[in-house]
Structure formats: C-alpha cells, structure tokens
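*Asks:* I'd like to ask you about the structure that follows.
No lab work stands behind these numbers, since they all come straight from the coordinates. Keep in mind that this is a model prediction, so the values were computed, not measured. Here Cβ is always computed from backbone atoms with ideal geometry, including for glycine, and neighbour counts include all displayed protein chains.
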Amino acid sequence: MEIQYLDEFNKKVKSKYKLCIATAKRARELGNYLNAKRNMERINVVKPLVDIDSHDPLEIAFNEIKEGKVVYGSSEVDIDEQ
C-alpha cells in the first residue's frame, strides 16, 4: 500500500476525523463490492471510481478522496438560540 500523507488531503477534507470517517465508509462499500464481484453476485454499490492496480479497499478509497471523486458532506445546521 502506498503511504498517504495527511497534507495531501487538506484541500479536500477540512478535518482529519471527517477524512477517517469518509475513508472508512467508502472502504466498507468497496469491500462489499469486491466480495460480491469475487463471488459473482449482484450488489447495489458504486464500483471504484479511480483506475488503480490495487485490490485494497482502503487504498482505493484514499485515492478516490484525493482525486475529489468522493466527497464527505456534513449536515451542518445552524441552531438559532431564542
């Protein structure tokens, strides 16, 4: 696995905690996709969005986020104090 540096992701994700959550969720989806593909099953998950030789879901997820193909949206709601 290629070493990923946190500095490369500062432009895409503002918080390292959001990066961790986004990467974990996408890697879990990719893991399900790769298992279903290996077992020749159908699954409703988006296939990998980057061309990479690795079959490691975590590495694929990192590369998708680094290239901006996957974004993590937060539900930031302003609460007015009354």
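*Asks:* Any residue in the stretch 31-52 that is farther than 21 Å from TYR5 by Cβ, part of a helix (DSSP H, G or I) and among the acidic types (Asp, Glu)?
*Replies:* No, there is no match, as no residue in the stretch 31-52 is farther than 21 Å from TYR5 by Cβ, part of a helix (DSSP H, G or I) and among the acidic types (Asp, Glu).
*Asks:* Scan the stretch 1-55 for residues that are loosely packed, with under 14 Cβ neighbours inside 10 Å, touching a Lys or Arg at 6+ places or on another chain (Cβ under 7 Å) and under 15 Å from VAL70 (Cβ atoms) and jot them down.
*Replies:* GLU8
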